[in-house]
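Worksheet: the structure to be examined is printed underneath.
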Amino acid sequence: MSRTTATHTTATHTTATQATATRTAASRTTASGVTVPRPAPAAPQGLPALGPEGTALLRLLDDTFESWGTDAGARAMTMAPLLPAADLARLDYYENFPHQAVLAAPLDLDRRDEAPFCTESGSFPCDALQPAGLGLPSASCYAVYLHHEGQQVPDDTLVTVVGWCFRKEEHYEGLRRQLGFRMREIVAIGSQEHAENHLRGFTERVTAFAEALDLPLRREAACDPFFDKGGSKALLQRLSPVKHEFLYEDLAIASVNTHRNFFGDRCSISLADGGPAFTSCVAFGLERWLSALTRRHGNWAAATDAVRTAVARLAPAGPVT
């Protein structure tokens, strides 16, 4: 049997097995022998899964972005997936982004009988929960600033992390807009010059990478989606942009952000001269990159080849300085 025939036979067998499993899962047989359809499970909103090809491409992209950071001198770190809600509140997170906030709370075991799980809504009632003291962050960098709280840092500190992030949205759409997603960030903490140079260098790196990928991106000044768009902080961002996004079509897949000395002041991160540290970060929404690349190149294999070719082409460029 030829390799092509064997592959076709295996694929056919797999498809038939999957079809049988699908039919079995989609129906059930009663005690009287009558087959009745099972209710179709509701797709989790904003929580799509990735298959092997998507997982491999996501890892390739994340390894690439992480290497940009480590080549520039960043320490690779791993942060907790949850943060104390009290800490996020100190950073004005729930004041500025209440519409995006997602919280976690344990069950109140003393009330589980009077407030049981509701099968109709698919959720626990609020009365079944203890107070929500944990927050699911919407960006990876919050944990970095909180980790350095109360510390004196060198003027040129760099950290890179990848983390699960969570945002409540008005609607979810495949890999473009998710409730839970992964974000790779490269964070600068230190002098104002260091924070500004960090963004300039990585703006050039992202632009060069996009060109090598044949992925047309446009860079636009952006305003974080403050809850009160007419508030003073939103107005300040419009007058003096602190965030620039890289968009493929209408989808922001990366951004460069400066926070001036806000996190240095709120988290008491100081420099050798006693002043608060300045911070900036470069962020990559990994699933959004997958969406943009597959839309541009047509399929997982072509998108993966494009990334490998672009990485090889840019390899001689060396680290960002």
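The values are calculated or read from the model by the stated rules, or taken from the named source; none is laboratory data. Source: prediction; values computed, not measured. Cβ placement follows ideal geometry from the backbone for every residue including glycine, while neighbour counts extend to all protein chains displayed. Areas reflect the complete protein model, heavy atoms only, side chains present, ligands, DNA and RNA absent. Shrake-Rupley method; radii C 1.70, N 1.55, O 1.52, S 1.80 Å.
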Within region 158-187, residues being without any contact (Cβ under 8 Å) to a residue 60 or more places away in the chain, part of a strand (DSSP E or B) and touching a strand residue (DSSP E or B) at 6+ places or on another chain (Cβ under 9 Å) number 1
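How many residues does region 188-217 hold that are open to solvent by 50 Å² or more (accessible area, probe 1.4 Å), part of a helix (DSSP H, G or I) and of a type outside the set (S, T, N, Q)?
5
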Among the residues of region 124-149, which ones are more than 18 Å from the chain's Cα centre (by Cα), more than 13 Å from Ser268 (Cβ to Cβ) and open to solvent by less than 60 Å² (accessible area, probe 1.4 Å)? Pro125, Ala128, Ala132, Gly133
Qualifying positions in region 108-123 - free of Cβ contacts under 8 Å to residues at least 60 places away in the same chain and within 27 Å of the chain's Cα centre (by Cα): Ser123
Could you please tell me which pairs satisfy a Cβ distance under 7 Å, a separation of 6+ or placement on different chains, a first residue in region 124-150 that is in contact (Cβ under 8 Å) with a residue 12 or more places away in the chain and outside any helix (DSSP H, G or I), and a second residue that is open to solvent by 10 Å² or more (accessible area, probe 1.4 Å) and β-branched (Val, Ile, Thr)? Leu136/Val102; Ser140/Val162
Asn96 passes all but one of (1) among the polar types (S, T, N, Q); (2) open to solvent by 50 Å² or more (accessible area, probe 1.4 Å); (3) modelled with pLDDT under 95; (4) within 29 Å of Leu199 (Cα to Cα); which number fails? (2)
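Select from region 111-123 the residues that are among the small types (Gly, Ala, Ser), within 23 Å of Gln45 (Cβ to Cβ) and outside any strand (DSSP E or B) and list them in ascending order.
Ser121, Gly122
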Pro84 - would you say it is at pLDDT 50 or above, in contact with a Leu (Cβ under 7 Å, 6 or more places away or on another chain) and within 30 Å of Pro154 (Cα to Cα)? yes
May I ask you to list the residues in region 150-171 that are more than 11 Å from the chain's Cα centre (by Cα), open to solvent by 60 Å² or more (accessible area, probe 1.4 Å) and farther than 28 Å from Gly275 by Cα? Lys168, Glu170, His171
Just one of the numbered conditions (1) farther than 23 Å from Val282 by Cβ; (2) modelled with pLDDT of 95 or more; (3) open to solvent by 60 Å² or more (accessible area, probe 1.4 Å) is not true of Ala101; which one? (3)
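Which of the following residues is in a helix (DSSP H, G or I) and either open to solvent by 60 Å² or more (accessible area, probe 1.4 Å) or in contact with a helix residue (DSSP H, G or I) (Cβ under 6 Å, 6 or more places away or on another chain) (or both): Leu88, Leu57? Before the answer, list the steps.
Numbers: Leu88 fails: either open to solvent by 60 Å² or more (accessible area, probe 1.4 Å) or in contact with a helix residue (DSSP H, G or I) (Cβ under 6 Å, 6 or more places away or on another chain) (or both).
Exactly one of Leu88, Leu57 is in a helix (DSSP H, G or I) and either open to solvent by 60 Å² or more (accessible area, probe 1.4 Å) or in contact with a helix residue (DSSP H, G or I) (Cβ under 6 Å, 6 or more places away or on another chain) (or both), namely Leu57.
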List the number of the failed condition for Tyr172; all other conditions in (1) at pLDDT 95 or above; (2) closer than 19 Å to Pro137 by Cβ; (3) hydroxyl-bearing (Ser, Thr, Tyr) hold. (1)
